[in-house]
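Visitor: Just dropping this structure here.
The values are calculated or read from the model by the stated rules, or taken from the named source; none is laboratory data. Only a predicted model underlies this, so the values are computations on that prediction, with no experimental measurement involved. Glycine gets a Cβ as well: all are built from the backbone with ideal geometry, and neighbour counts include every protein chain shown. Protein only, heavy atoms only, side chains kept; ligands, DNA and RNA dropped before computing areas. Shrake-Rupley method; radii C 1.70, N 1.55, O 1.52, S 1.80 Å.
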Amino acid sequence: MLGFDLTDDHQLLAQTVREWAAREVAPRIHRLDREHTFDRGILPQMASLGLLGVSLPPDQGGSGMDYIALGLASEELEYVDTSLRVILSVHVGLNCLTLASWGTEDQKQRYLVPQAQGHKIATFALTEPSAGSDARGLQTVAIKKGDRYVLTGEKMWISLGDVADNFLVFAWTDMEKKRQRDVSGMSAFIVERAFKGFASGTLTEKWGILAGNTGFFKMDEVEVPEENLVGREGEGFKIAMFALDQGRFTVAAGATGLIRACRDASAAYARDRRTFGAAIGEHQLVKEMIAQMESDYQASRLLWLRAGWLKNVGRRNTRETGLAKWYSTVASERAAGDAVQIHGANGYSDEYPVGRFYRNCKGAVIYEGTREIHKIMQADYVLGYRTDKPTRCELPAWDGTES
Ligand code: CAA
């Protein structure tokens, strides 16, 4: 049955994540952000809550919850700090769910199960110094030699790239198709940090999501066993786009949490702060900003819930997920800007969280498909220039999610 109520399990999950993040992270996040510190101790805690395998089946090491649960966890984590949600985005959304759909049984046992249980941390590596939006423009190559592929190239702007153990890496396996920018020459591989020739570093100049690490890595003739090819040779681009359907979903739900955080912080401040003989919440121009936050929060939530429901019932959702990601990230930028405005000079100081929200929101308007890429995709769907066809592997549907 289609309805708007969350199940008891969903409500319990949201409450558990909310209480954990409020208790364990919120009191420290200001310091972690100010000191640009990623607290690795958060990872085992998230694992013990089942969050690192939240929407994976138990036989793959997961918690056995559906994609709505993944969205709720993303929303609650980003309510406290974007860096927490990013962990879910890259580890679960972009990596684990991709292996669950496209991985071999051997890859699931060797990589997915330990990842879902939190013994290993994983991320996704598409972006390169000269290829972000233009995913066809990547330069990394994988040359087949006997029973191995030899990977050479450089990846950049990889969330947890300096922390993760395992990487889902995209590279050209057909050099003629690389020259022609024909994506059927691209393939996907599981690369371990421990492989010889792999070297990573931390990007230190970013000005948002400072409690989360972003890295780069170089592969200098890294030998990857052929068993680590994900999908078939030539399916890499589709796998990357498929992975982004899940990553963008977590970004959308996370941005929804950020809007809620802006709304709640603004409402609390507006009830307390007085000007011209009244609480600023009594002033119509402040009410207007708070009303906009509420409308953006509710609309964003409905958009990611619809995308999550489509995933649950096993329907293609690239269009709906992209719309949710585009709308909610742009709305979160508006909400964060207005939250700073409502806080006035205090919003411009680091003493209140809204300045951090303002710095954190911008990344999601850029990564996992910029605002502009998403606008073009949505226009192309409407114009009939883009349609979603079924792919060889789809996300596993969740049984019983409609009860
Ligand atoms: N699932 C499965 N298959 C898909 C798919 C999906 N979601 N989307 C496309 N495909 C398939 C298509 O069906 C097509 O296959 P056929 O030829 O068999 O029909 C093939 O893939 C090529 O698709 P397109 O023609 O749509 O490809 P395109 O070149 O037009 O795509 C684009 C253009 C949409 C702009 C794409 O390049 C894009 O999304 N760019 C943005 C990349 C991005 O988001 N990067 C962020 C990386 S992650 C990050 O930054 C964060 C981090 O920390 C990891």
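Visitor: What ranking, highest mean first, results for peptides 78-85, 59-66 when packing means the other Cβ atoms within 10 Å averaged over each residue?
Guide: Result, highest mean first: 78-85, 59-66.
Visitor: Shifting gears a bit: What shape does region 332-394 have by the C-alpha gyration tensor, where a ≥ b ≥ c are the square roots of the eigenvalues, rounded means a/c under 1.5, and otherwise prolate means a/b greater than b/c and oblate the rest?
Guide: Note, shape of region 332-394 comes out prolate.
Visitor: Please list, ordered by chain and number, the residues whose modelled amide H lies under 5 Å from the amide H of PHE124; skip anything fewer than 5 residues away on the same chain.
Guide: LEU168
Visitor: Just need the relative contact order of the chain here, percent rounded to a whole number, with Cα pairs under 8 Å and 6+ apart.
Guide: RCO, the chain: 17 percent.
Visitor: Still on this structure, please answer the following. Once a ≥ b ≥ c are taken as the square roots of the eigenvalues of the Cα gyration tensor of the chain, is the result rounded (a/c under 1.5), prolate (a/b larger than b/c) or oblate (a/b not larger than b/c)?
Guide: prolate
Visitor: Spin-label point model (7 Å from Cα, Cβ direction): what's the ARG23 to GLU227 distance in nm?
Guide: 4.1 nm
Visitor: Still on this model: In Å², and per residue, what accessible area does the chain have when probed at 1.4 Å with the other protein chains present?
Guide: 44 Å²
Visitor: If you don't mind, there's one more thing I want to ask. For every other residue with a beta carbon closer than 10 angstrom to the beta carbon of GLU76, add +1 if it is Lys or Arg and -1 if Asp or Glu, then tell me the sum.
Guide: Charge balance near GLU76 sits at 0.
Visitor: Quick one: Karplus J couplings for region 84-93, per residue in order, coefficients 6.51, -1.76, 1.60, θ = phi - 60°, nearest Hz, x for Gly and Pro?
Guide: 5, 5, 4, 4, 5, 4, 7, 6, 7, x
Visitor: Sequence-distant or interchain residues sharing an amide H contact under 5 Å with LYS144, placed H: which?
Guide: Counting only residues 5 or more places away or on other chains, the set is VAL150.
Visitor: Modelling each spin label as a point 7 Å along the Cα-to-Cβ direction, I'd like the ALA194/ILE143 distance in nm, to one decimal.
Guide: Here the modelled spin labels are 2.7 nm apart.
Visitor: Largest first, what is the accessible-area ranking of THR104, THR318 with a 1.4 Å probe?
Guide: Putting THR104, THR318 in descending order of accessible area: THR104, THR318.
Visitor: I would also like to ask the following. Show me 213-223, 113-123, 381-391 ranked by packing, highest mean number of other Cβ atoms within 10 Å first.
Guide: Per-residue mean Cβ counts within 10 Å order the peptides as 113-123, 213-223, 381-391.
Visitor: Now for a different question. Kindly identify region 1-97 as rounded, prolate or oblate by the Cα gyration tensor criterion: order the square roots of the eigenvalues as a ≥ b ≥ c, call it rounded if a/c is under 1.5, otherwise compare a/b with b/c, prolate if a/b is larger, else oblate.
Guide: Prolate shape, in that a/c is at least 1.5 and a/b is the bigger ratio.
Visitor: Relative contact order for region 8-121 using alpha-carbon pairs under 8 Å, separation at least 6, rounded to a whole percent?
Guide: Result for region 8-121 is 30 percent.
Visitor: Sticking with this one: Give me the percent of accessible area attributable to carbon and sulfur for region 123-236, probe 1.4 angstrom. Mind showing how you got there, number by number?
Guide: Working: 2300 of 4910 Å².
Carbon-and-sulfur percentage of accessible area, whole number: 47.
Visitor: Given Cα pairs under 8 Å that are at least 6 residues apart, what percent is the relative contact order of region 238-383?
Guide: In percent, rounded to a whole number, it is 31.
Visitor: Then there is this: Any chance you could give the angle, 0 to 90 degrees and rounded to 10, that helix 354-366 forms with the longest Cα principal axis of the chain?
Guide: Helix 354-366 sits roughly 30 degrees off the main axis of the chain.
Visitor: Can you give the charge dipole size of the chain about its Cα centre, rounded to the nearest 20 debye, using +1 on the beta carbon of Lys and Arg and -1 on the beta carbon of Asp and Glu? Display every interim value, and only then the final one.
Guide: Numbers: 48 positive and 53 negative charges, 148 e Å.
For the chain, the charge dipole is close to 700 debye.
Visitor: Measure nothing fancy, just the Cα-based angle from helix 318-347's long axis to the longest principal axis of the chain, in degrees from 0 to 90, nearest 10.
Guide: Helix 318-347 and the main axis of the chain meet at about 40 degrees.
Visitor: Just add up the charged neighbours of SER133: K/R +1, D/E -1, any other residue whose Cβ is under 13 Å from the Cβ of SER133.
Guide: -1
Visitor: Let me ask you something else. Tell me, what is the 1.4 Å probe accessible area of GLU235, in Å² to the nearest 10?
Guide: 30 Å²
Visitor: Continuing with the same structure: Could you tell me which of THR123, VAL163, TYR352 has its Cα farthest along the dipole of the chain towards the positive end, charges placed at Cβ (Lys, Arg +1; Asp, Glu -1), taken about the Cα centre?
Guide: Checking the options against the dipole of the chain, the answer is TYR352.
Visitor: Once both axes come from the Cα atoms, what is the angle between helix 236-272 and the longest principal axis of the chain, in degrees from 0 to 90, rounded to 10?
Guide: Around 10 degrees separate the two axes.
Visitor: Same structure again: At 222 nm, what helix-only mean residue ellipticity would the chain give, in deg cm²/dmol to the nearest 500, using -39500 (n - 2.57) for each DSSP H run of four or more?
Guide: Estimated from H runs of four or more residues: -15000 deg cm²/dmol.
Visitor: OK, next. Per-residue counts of other Cβ atoms within 10 Å, averaged by peptide: what ranking do you get for 288-299, 268-279, highest first?
Guide: Details: 288-299: 17.2, 268-279: 12.2.
Taking the mean over residues of other Cβ atoms within 10 Å, the ranking is 288-299, 268-279.
Visitor: Another question, if that's okay. If you average the C-alpha positions of region 90-150 and of region 281-359 separately, how far apart do those two centres end up, in angstrom?
Guide: Each part reduced to its Cα centre gives a spacing of 30 Å.
Visitor: Let me ask something else. Just to confirm a number: summing +1 for Lys and Arg and -1 for Asp and Glu over residues other than PHE198 whose beta-carbon lies under 9 angstrom from that of PHE198, what do you get?
Guide: Here the count lands on +1.
Visitor: Residue-wise, which Karplus ³J(HN,Hα) couplings in Hz belong to region 196-201, taking 6.51 cos²θ - 1.76 cosθ + 1.60, θ = phi - 60°, and x for glycine or proline?
Guide: 4, x, 9, 9, 10, x
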